[in-house]
1. Report, by chain and number, residues whose modeled amide H sits under 5 Å from the one on Leu88, excluding near sequence neighbours (fewer than 5 apart, same chain).
2. For Val211, what accessible surface area do you get with a 1.4 Å probe? Give it in Å², rounded to 10.
3. How much area per residue is accessible in the chain when the probe is 1.4 Å and only protein heavy atoms are counted (Å²)?
4. Report Val137's accessible area, 1.4 Å probe, all protein chains in place, as a number in Å² to the nearest 10.
5. Among all the lysines, which ones have a C-alpha under 22 Å from Lys2's C-alpha, if same-chain residues fewer than 8 places away are not counted?
6. Ser35: accessible area at probe 1.4 Å, nearest 10 Å²?
7. Just in segment 158-230: which chymotrypsin sites (Phe, Trp or Tyr not before Pro) are loop by DSSP and have at most 16 other Cβ atoms within 10 Å?
8. Keeping the other protein chains in place, figure out the carbon and sulfur percent of the accessible area of the chain, with a 1.4 Å probe.
Amino acid sequence: MKLARIELSRDDVHKRLGGGIPFGSVILIEGEESSGKSIICQRLAYGFLQNSYSLSYVSTQLTTTEFVKQMMSLKYNINKKLLNGNLLYIPVYPLISENAIKDDFIKKIMNTRAFYEKDIVLFDSISTLVSNDASEVQITDLMAFFKRIASMNKIVIYTVNPKELPESVLTILRTSATIVIKTATYSFGGNLKNSAKIEKYNFARSSFQKVMVFRVDPGLGIAVEISSVA
């Protein structure tokens, strides 16, 4: 199975994730608010783009301007990728405001063909998008759709805040994914650390790091801590 490379010279995240992400993967990144889900998405997105893959990035978190500024603060310069069309960024923040109707997002996700014309499609976060109409039947249909998309030599990534969805729906999202990464924060030596734990990794081509501890450095992006080896 072919790997999508995410290699950058500044870090070894690609090595810790087994040298790349297998095409055909459906990836869940799960964690509570501020646990590091979005920064992992941003690192993966930049890695894909720098290795010449195209990407759709659907965000409930940031406007386009905010996203560009956030990526620039990490020295993940994506301006050229936006201009040449390799990166399609879709901010849906205005659509999930308090006054907006939140129904039918699952149908919209499956019917928006432009999302799936790229090599990789990333939803950050899907739990925010579907929280109002996330029945078990609808989520099962959505996961079956994602698997069909991934089977066309693509990668689908979605983030979830477990506090936004019932456990029965979370179970479907977890079992349907081929890769499950759970993010968390913890205190170590008086400092707050982020961790990403790989709980499932189907189709892995080589060894991968089960737990990655990292910090976020302005001008660098993700910096993996040596303690993650332990």
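1. Leu55, Ser56, Tyr57
2. 50 Å²
3. Result: 47 Å² per residue.
4. 100 Å²
5. Lys15, Lys118, Lys147, Lys154, Lys200, Lys210
6. Spelled out: Ser35, probe radius 1.4 Å, area about 10 Å².
7. For chymotrypsin sites (Phe, Trp or Tyr not before Pro) across segment 158-230 that sit outside H, G, I, E and B with at most 16 neighbouring Cβ atoms in 10 Å, the list reads Phe203, Phe208.
8. 52 percent
The values are calculated or read from the model by the stated rules, or taken from the named source; none is laboratory data. Model, not experiment: these values are computed from the prediction. So basically every Cβ, Gly included, is an ideal-geometry build from the backbone, and we count neighbours across all protein chains shown. Protein only, heavy atoms only, side chains kept; ligands, DNA and RNA dropped before computing areas. Shrake-Rupley method; radii C 1.70, N 1.55, O 1.52, S 1.80 Å.
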